[in-house]
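Asker: Below: one structure in structure tokens.
Just so you know, all these numbers are worked out from the coordinates, no wet-lab data involved. A quick note: this is a predicted structure, and the numbers were derived from the prediction, not measured. Methodologically, a virtual Cβ is constructed for each residue, glycine included, from the backbone with ideal geometry; neighbour enumeration extends over all protein chains shown.
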Amino acid sequence: MSVSDQIDDIEDKLNWHWRDSMKTVRFFSFDARAGLVLVPIFFNLFNWKVWILVFLVLSFFNFLEKKGLTFPSAMRNFRAFMVGRDRPGWMGTRHKQFRDFG
């Protein structure tokens, strides 16, 4: 490690701010919640179907991140897609145009 790398590392430690604690936890290049799909591999290490399923799920999470969606926002979009424009929990007088601000 060169001296300039060490200086940059020290500057990064000094520039730490409490707002950095809000950053999402990363597991390699994925959101840590996407790493939860790796748990079945520990139980079924030699089952090739589990490996294929995990690969497909991680590919899906990679696709979502390329589109700029995090896991919670993707779930909100999926829920809005499934429910549609009808909002059955509201009275007829309180129906408004549906907007997703997530």
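Asker: At a Förster radius of 25 Å, what calculated FRET efficiency corresponds to the Cβ-Cβ distance of LYS66 and VAL3, to the nearest 0.05?
Answerer: Rounded to the nearest 0.05, the efficiency is 0.10.
Asker: Equivalent-ellipsoid semi-axes (√(5λ), Cα gyration tensor) for the stretch 22-87, whole Å, largest first?
Answerer: Working through the eigenvalues yields semi-axes of 25, 16, 10 Å.
Asker: What spacing in nm lies between the two simple spin-label points modelled at PHE81 and LEU56, each 7 Å away from Cα in the Cβ direction?
Answerer: Here the answer is 1.5 nm between the modelled labels.
Asker: What dipole magnitude, in Debye to the nearest 20, does the stretch 22-87 give about its Cα centre under +1 on Lys/Arg Cβ and -1 on Asp/Glu Cβ?
Answerer: Dipole about the Cα centre, nearest 20: 240 debye.
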